[in-house]
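Engineer: Dropping a structure here in structure tokens format, bear with me for questions.
The values are calculated or read from the model by the stated rules, or taken from the named source; none is laboratory data. All values derive from a computational prediction rather than experimental measurement. Cβ placement follows ideal geometry from the backbone for every residue including glycine, while neighbour counts extend to all protein chains displayed.
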Amino acid sequence: MKLNGAAVATVAVVTLLSFLAGTSNAQGYDFFYLVMQWPRAVCNQPRSNCRAAVPQTFTIHGMWPQTNSGGSPQNCPGSLRDVRSSGRVDRTTLGAMDRQWPNLKRGGRDPNSQFWTHEWNKHGTCSRMQPQDYFRRVVDRAASVDLLRLLRSNRIQPDNRLYRQADIEAALNVYDPVVKCNDVRSGGRSYKQIHEIRFCVQRDGNRVVSCGRRTQFRSCGNGDIRFSR
Ligand code: AMP
């Protein structure tokens, strides 16, 4: 068969496009981290500037697009000035966000919406989803992992005691998330404490999946971990 110039060019472009689609997926990310935070561990830090009462339950920090090679696309087009007043997210979803995704810091007229807007502009815009679909998935996935109950049913609770990392991981192993620690000082000593639990969510946002080997970073050291009250 003989191909003319235009046909050769077409074949070359199609081949290049399918190669690019295969190597860097067309969405620009491979999965999400759904990041849940333990409010006490956010707020027992120096200069945390938290509001007076913080929830005694895990709350949402965000849902961040990630690539398998460790990248996290950020600040894509589609930013919003204010999530709540944008008209892009329905009232039911905003209500769930107010309950599950509070701003823990002081200040502002609508601190929750300020926090969501920061998270949308930095991370959500790179999901290639509409705000309504993105935020609905964040609250639905977060509600599907009843973290505190899961830990409690394994006798792990926020009581300032130290727990073995292996026990925490075993308690959560149905989801196989990443446990992230920060440091806290108490009684003249420094401890690693549970700060965030990062779940892996498949790219369409519809299911929590095992993080597996995707996530190698460790922030909890080798010793026991405090679960702060
Ligand atoms: P990110 O930019 O998504 O990595 O989030 C980090 C920023 O969010 C930092 O400025 C934190 O101080 C802030 N942050 C984290 N959790 C909260 C929270 N619950 N409320 C308000 N700000 C937060």
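Engineer: For segment 80-150, which helices (runs of 4 or more DSSP H) that fit wholly inside it have 3 or more residues that are over 24 Å from GLN66 (Cα atoms)?
Structural biologist: 91-100
Engineer: Which one of the conditions (1) in contact (Cβ under 8 Å) with a residue 40 or more places away in the chain; (2) within 13 Å of the ligand (Cβ to nearest atom); (3) buried (at least 16 other Cβ atoms within 10 Å of the Cβ); (4) hydroxyl-bearing (Ser, Thr, Tyr) does THR57 fail to meet, given that it meets all the rest?
Structural biologist: So THR57 meets the others, but not (3).
Engineer: Working only within segment 176-203, note down all residues that are hydroxyl-bearing (Ser, Thr, Tyr) and at pLDDT below 95.
Structural biologist: The one that is hydroxyl-bearing (Ser, Thr, Tyr) and at pLDDT below 95: SER186.
Engineer: Continuing with this model, one more query. Out of SER219, SER144, SER153, SER186, I need the residue that is of a type in the set (Ser, Thr, Tyr) and in contact with a Cys (Cβ under 6 Å, 6 or more places away or on another chain). Which one?
Structural biologist: SER219
Engineer: Residues in segment 160-195 that are out of contact with any helix residue (DSSP H, G or I) (no Cβ under 8 Å at 6 or more places or on another chain), in a strand (DSSP E or B) and either among the polar types (S, T, N, Q) or surrounded by 17 or more Cβ atoms within 10 Å (Cβ to Cβ) (or both): how many?
Structural biologist: 8
Engineer: A follow-up question, please. For segment 135-146, state whether one or more residues are of a type in the set (S, T, N, Q) and in contact with a Ser or Thr (Cβ under 7 Å, 6 or more places away or on another chain).
Structural biologist: no
Engineer: Assuming SER72 fulfils every condition listed in (1) more than 10 Å from the ligand (Cβ to nearest atom); (2) in contact with a His (Cβ under 9 Å, 6 or more places away or on another chain) apart from one, which condition is it?
Structural biologist: So the condition that SER72 fails would be (1).
Engineer: Determine, yes or no, whether ARG106 is more than 17 Å from the chain's Cα centre (by Cα), over 22 Å from GLY28 (Cβ atoms) and basic (Lys, Arg).
Structural biologist: Judged against the criteria, ARG106 is a match.
Engineer: Here's a follow-up. Output the residue which, of all residues in segment 86-121 that are within 14 Å of PHE135 (Cα to Cα) and polar (S, T, N, Q), is farthest from the ligand (Cβ to nearest atom).
Structural biologist: The extreme case among them is THR92.
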